[in-house]
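Asks: Okay, here's the structure, questions in a sec.
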Amino acid sequence: MVARSPAMSGYIRNQATSAGLVNLVVNPAIDWLTSRHKPPQPVWGLDGLVVNFVITSLVLSTLVGAFAAWGLRREARAGRLSVPEAPQRGWLAGLALGTGAATVTVAAMWLLHSIGVTTLSLLSLMLFKAVYSGVLGFLVAHSVIARWVS
């Protein structure tokens, strides 16, 4: 394995951190805007946490993957980064990672439900979503970019 240059390591770290921070703020804000007048959300059901987090996993990961690949191509074309192969389908890598995250989320929600958690208040949902979205955004951006530079 070839060692990454400091510039590439910094780029990956900055992009992944930016993706994580944006999602840490945006996703809970979306939940607040769409759910602020609703009662606590159930874990299961059409308007439940499972559906909410599965959709978040798939959409967030696909978009972050697409933007991460686009940014890497842009930097490579401008000559600021040396990339052996320009990524073409970052969205697909993001979707694959999102599918894995959605699967883990369903299992986690099943575990929560099995220990007696049946609903979450809006504040709890927003806090949980902030952490989840921030971490997922960071991991997807890091994985998609690192895939083409290592």
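Asks: So if I check each of SER35, SER61, SER57, SER9, which one is among the small types (Gly, Ala, Ser), surrounded by 13 or more Cβ atoms within 10 Å (Cβ to Cβ), over 19 Å from the mean Cα position of the chain (by Cα) and closer than 18 Å to SER133 by Cβ?
Replies: Working: SER61 fails: over 19 Å from the mean Cα position of the chain (by Cα); SER57 fails: over 19 Å from the mean Cα position of the chain (by Cα); SER9 fails: closer than 18 Å to SER133 by Cβ.
Checking each option against the conditions leaves just SER35.
Asks: Being of a type in the set (A, V, I, L, M) and part of a helix (DSSP H, G or I) is the filter; apply it to the stretch 1-21 and report the residue that is nearest to VAL149 (Cα to Cα). Reasoning before the result, please.
Replies: First, pick out the residues of the stretch 1-21 that are of a type in the set (A, V, I, L, M): 1-3, 7-8, 12, 16, 19, 21.
Checking which are part of a helix (DSSP H, G or I) leaves us with 7-8, 12, 16, 19, 21.
Working: ALA7: 12, MET8: 8, ILE12: 9, ALA16: 14, ALA19: 18, LEU21: 23 Å.
Taking the candidates together, the pick is MET8.
Asks: Hey, can you tell me all the residues within the stretch 64-99 that are loosely packed, with under 12 Cβ neighbours inside 10 Å and of a type outside the set (Lys, Arg)?
Replies: Within the stretch 64-99, ALA78, GLY79, SER82, PRO84, GLU85, GLN88 meet the criteria.
Asks: Could you please give the count of residues in the stretch 86-119 that are in contact with a helix residue (DSSP H, G or I) (Cβ under 6 Å, 6 or more places away or on another chain) and either small (Gly, Ala, Ser) or outside any helix (DSSP H, G or I) (or both)?
Replies: So the answer is 8.
Asks: Then there's this: Do we find that VAL106 is in contact (Cβ under 8 Å) with a residue 24 or more places away in the chain, farther than 20 Å from VAL64 by Cα and either out of contact with any Leu (no Cβ under 8 Å at 6 or more places or on another chain) or surrounded by 20 or more Cβ atoms within 10 Å (Cβ to Cβ) (or both) in this structure?
Replies: yes
Asks: How many residues are surrounded by fewer than 18 Cβ atoms within 10 Å (Cβ to Cβ) and over 15 Å from LEU63 (Cβ atoms) if we restrict to the stretch 139-150? Break it down stepwise before answering.
Replies: The first filter runs over the stretch 139-150 and keeps only residues surrounded by fewer than 18 Cβ atoms within 10 Å (Cβ to Cβ), leaving 139, 146-147, 150.
Subset that is over 15 Å from LEU63 (Cβ atoms): 146-147, 150.
The number of residues fulfilling the criteria is 3.
Asks: Here's something else I'd like to know. Looking at LEU136, LEU120, LEU127, which one is crowded, with 20+ Cβ neighbours inside 10 Å, aliphatic (A, V, I, L, M) and either modelled with pLDDT of 95 or more or closer than 30 Å to ARG74 by Cα (or both)? Let's see the steps before the verdict.
Replies: Working: LEU120 fails: either modelled with pLDDT of 95 or more or closer than 30 Å to ARG74 by Cα (or both); LEU127 fails: crowded, with 20+ Cβ neighbours inside 10 Å.
Answer to the check: LEU136.
Asks: Tally time: how many residues in the stretch 22-54 are assigned to a helix (DSSP H, G or I) and in contact with a helix residue (DSSP H, G or I) (Cβ under 7 Å, 6 or more places away or on another chain)?
Replies: The number of residues fulfilling the criteria is 12.
The values are calculated or read from the model by the stated rules, or taken from the named source; none is laboratory data. Everything numeric here is computed off the predicted structure, so don't read it as measured data. When we count neighbours, we look across all protein chains shown, and the Cβ atoms used for this are built from the backbone with ideal geometry, even at glycine.
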